[in-house]
Amino acid sequence: MTKNKTRRVGVGNLLLDPRNTRIPTAHQTEDQRALLHELVKHEDVATLAKSIAKLGLFPNERMVVTREGRRYVVLEGNRRLAAIKLLLTPELAQTPAQVRVYRKLAQTTDLASLMVIEVVVVADRLEAAPIIAALHTKNPKRRWEAVQQARFYRGMVEEGLTPAEVAERLAVTLGEVRNYLRSEKLYRVALTLEYPDGVREKVENRRFPLTTLDRFLESRIGQKFLGIKLDEDLGFRGVVHPDRFRVVLAKVATDVATVRGLTRRINTERDFETYVSEAGRDLPKTKVRGRFTPALFLDGEEPDEESKQDRKDPPRRRRTRQSKSVVPTGFTCTTRQSKVRALFDELKKLDAGKQRNSSGVMLRVLLDVALWCFYKARKLETAVLDHYDKDGKRRARNPDWTPSLRQLISYGVEKRVLPGMPADGYKSVRLLLARDHNWIATIDSLNEYTHNPQVQPTEAEIRTVWERAEPMLEIILN
């Protein structure tokens, strides 16, 4: 077998492959710019460009090329090449809006490191075929299970990073990191409990569906059943006696690990009510009250106030202070819409802990105005109006009618019109649309803050709304 060579090549000497499998036969061409535009349109080059801008190129993901005259055709890595070319020369993009996106990304990119890159040179396409097939069909790098991913995040925190720093380094949202850390902590507590013979092995299985535990944490019914409330610093804290919590969590973990199909049956308020009604029948009743923190299970004792002060935390945990505003430190708004910028600036000035009502209402207004302005800027307003007012009756009664915030978000998620939004981003934003009052941090929660005088938002709920909306906000505010 021929030993492949590595070589450093200037990006200007790298060509997109006219025979790239990602490009339909009808659209294959020798025109390099047309190939670039085809990849941008259909292969989510923007998300990859954002990753490269933040993290650079990974040395284990070299492009595979073959020589063609004085230049090289990229056989594997065409999306990466497209992203690099656009970061180096944003004017290659097809539309003015895309040019602005790549110009902005280029400002935060180490462009010098992208001008000459290391590639793997093969003799021809046949020699490259096994490499390409292995990468795209055999998937040697298996995707982590949720438990493994959560442990990875926890490991970074234990190394001295804050959740915000983990999110920044890995180019993921802060909400994703916090959700994984919180769920992983509940799972670690579950591992300390007693289980019947044969059950523990299933609970400890690396494929344990951690996301189902997260649903219990997201649902008010789930929280009440477990006897916990979310906590900004601890992840969660107990509001029942620890013995009661042990029994309930052991039941939940056992069912999640052993009951076939349960993970698909617990999604809505009714699902949780049904589950809790059935699961609670066999659990002992108690009137004994109590409180606890996860440390009781993970550290073996509940730390008192004095020991909390004496305990030495990693020094870096104080390095990055959480923004007092719901807007994370470093988050920017560069839109040309003056009204949107003004709303963003006002929201940044509000203390989410002391001005919870104002923060919740202002966040709702920002989402509403920014999303509608985004659709108008992309000339999608007519399509959105027609989608929710097919016969035009609403506009006939009120020419200024616009869809609700729920509808605006639903349209973006359903039609996938948010450029560069990864699948996890759409999943996060979709959580805002839950029509279940027992799910915290939804559009309905925002509406309650605005219209229901009996509802007072908590700081944690407001921050969770932001975290879920953040993948969308990164796009519509810039």
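The values are calculated or read from the model by the stated rules, or taken from the named source; none is laboratory data. Predicted, not measured: the structure shown is a model, and the values here were computed from it. Heads up, the Cβs are rebuilt from the backbone with ideal geometry, glycines too, and the neighbour counts pull from every protein chain shown.
Determine, yes or no, whether Thr382 is of a type in the set (Val, Ile, Thr) and in a helix (DSSP H, G or I).
Answer is yes for this residue.
Evaluate the following for Ala460: is it touching an Asp or Glu at 6+ places or on another chain (Cβ under 6 Å), in a helix (DSSP H, G or I) and among the small types (Gly, Ala, Ser)?
yes
Rundown of residues vs (1) more than 19 Å from Leu35 (Cβ to Cβ); (2) hydroxyl-bearing (Ser, Thr, Tyr); (3) in contact with a Gly (Cβ under 6 Å, 6 or more places away or on another chain); (4) in a loop (DSSP other than H, G, I, E, B), yes/no style:
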| position | (1), (2), (3), (4) |
| --- | --- |
| Glu91 | no, no, no, no |
| Gln94 | no, no, no, yes |
| Val99 | no, no, no, no |
| Tyr102 | no, yes, no, no |
| Ala106 | yes, no, no, no |
| Asp110 | yes, no, no, yes |
| Val119 | no, no, no, no |
| Ile131 | yes, no, no, no |
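Scan segment 324-333 and tell me whether some residue there is touching a residue at least 40 places away in the same chain (Cβ under 8 Å), within 24 Å of Pro471 (Cβ to Cβ), out of contact with any Ser or Thr (no Cβ under 9 Å at 6 or more places or on another chain) and loosely packed, with under 14 Cβ neighbours inside 10 Å.
Yes: segment 324-333 contains one or more residues that are touching a residue at least 40 places away in the same chain (Cβ under 8 Å), within 24 Å of Pro471 (Cβ to Cβ), out of contact with any Ser or Thr (no Cβ under 9 Å at 6 or more places or on another chain) and loosely packed, with under 14 Cβ neighbours inside 10 Å.
Out of everything in segment 117-128 that is surrounded by 13 or more Cβ atoms within 10 Å (Cβ to Cβ) and aliphatic (A, V, I, L, M), what residue ends up being farthest from Arg71 (Cα to Cα)?
It comes out as Ala128.
Counting only residues that are at pLDDT 80 or above and basic (Lys, Arg), which one in segment 422-478 is farthest from Arg378 (Cα to Cα)?
Selected residue: Arg463.
Looking only at residues in segment 1-32 that are exposed (fewer than 12 other Cβ atoms within 10 Å of the Cβ) and basic (Lys, Arg), which one is farthest from the chain's Cα centre (by Cα)?
Lys3
Looking only at segment 371-402, count how many residues are closer than 30 Å to Ala460 by Cβ and out of contact with any Lys or Arg (no Cβ under 9 Å at 6 or more places or on another chain).
Within segment 371-402, residues that are closer than 30 Å to Ala460 by Cβ and out of contact with any Lys or Arg (no Cβ under 9 Å at 6 or more places or on another chain) number 3.
Against the condition surrounded by 14 or more Cβ atoms within 10 Å (Cβ to Cβ), under 25 Å from the mean Cα position of the chain (by Cα), part of a helix (DSSP H, G or I) and of a type outside the set (Asp, Glu), how does Leu35 come out, does it pass?
No.
Given the criterion more than 30 Å from Thr450 (Cα to Cα), β-branched (Val, Ile, Thr) and at pLDDT 90 or above, identify the matching residue among Thr293, Thr320, Thr286.
Step by step, each of Thr293, Thr320, Thr286 is checked, and only Thr293 is more than 30 Å from Thr450 (Cα to Cα), β-branched (Val, Ile, Thr) and at pLDDT 90 or above.
Pairs only if they're at least six apart or on different chains, beta carbon under 7 angstrom, first in segment 263-287 and closer than 18 Å to Arg220 by Cα and in the same structural domain as Leu226 (by TED's automatic domain parsing), second surrounded by 12 or more Cβ atoms within 10 Å (Cβ to Cβ) and of a type in the set (Gly, Ala, Ser); list them, first residue then second.
Sorted first by the residue in segment 263-287, then by its partner, the pairs are Phe272/Ser219; Phe272/Gly222.
Please work out which one of (1) farther than 30 Å from Gln94 by Cβ; (2) in contact with a Gly (Cβ under 6 Å, 6 or more places away or on another chain); (3) not in a helix (DSSP H, G or I) is the condition Leu418 fails and give its number.
Against the list (1) farther than 30 Å from Gln94 by Cβ; (2) in contact with a Gly (Cβ under 6 Å, 6 or more places away or on another chain); (3) not in a helix (DSSP H, G or I), Leu418 comes up short only on (1).
I need a count of the residues in segment 13-31 that are free of Cβ contacts under 8 Å to residues at least 24 places away in the same chain and not in a loop (DSSP other than H, G, I, E, B).
3
Taking Thr329 and the conditions (1) over 23 Å from Tyr449 (Cβ atoms); (2) in the same structural domain as Asp444 (by TED's automatic domain parsing), which numbered condition does it fall short on, given that it satisfies the others?
(2)
Which condition does Asp233 not pass, out of (1) more than 21 Å from Arg430 (Cα to Cα); (2) in contact (Cβ under 8 Å) with a residue 24 or more places away in the chain, if it passes all the others?
The failed condition is (2).
Assuming Phe245 fulfils every condition listed in (1) in contact (Cβ under 8 Å) with a residue 12 or more places away in the chain; (2) within 21 Å of Phe297 (Cβ to Cβ); (3) surrounded by fewer than 17 Cβ atoms within 10 Å (Cβ to Cβ) apart from one, which condition is it?
Every condition holds for Phe245 apart from (3).
Test Leu477 against the criterion of being aliphatic (A, V, I, L, M), touching a Gly at 6+ places or on another chain (Cβ under 6 Å) and under 25 Å from Arg341 (Cβ atoms), and give yes or no.
no
Take segment 247-278 and flag every residue that is out of contact with any Lys or Arg (no Cβ under 9 Å at 6 or more places or on another chain), of a type outside the set (Lys, Arg) and farther than 22 Å from Leu191 by Cα.
Once the filter is applied, which keeps residues that are out of contact with any Lys or Arg (no Cβ under 9 Å at 6 or more places or on another chain), of a type outside the set (Lys, Arg) and farther than 22 Å from Leu191 by Cα, segment 247-278 yields Glu273, Ser277, Glu278.
Quick one: which of Ile131, Ile84 is over 30 Å from Ala377 (Cα atoms) and either at pLDDT below 95 or touching a helix residue (DSSP H, G or I) at 6+ places or on another chain (Cβ under 9 Å) (or both)?
Residue meeting the stated conditions: Ile131.
Which of the residues spanning segment 164-185 are of a type in the set (S, T, N, Q) and at pLDDT 90 or above?
Ser183
Could you pull out the residue among Arg71, Arg125 that is modelled with pLDDT under 90 and not aromatic (Phe, Trp, Tyr)?
Arg125
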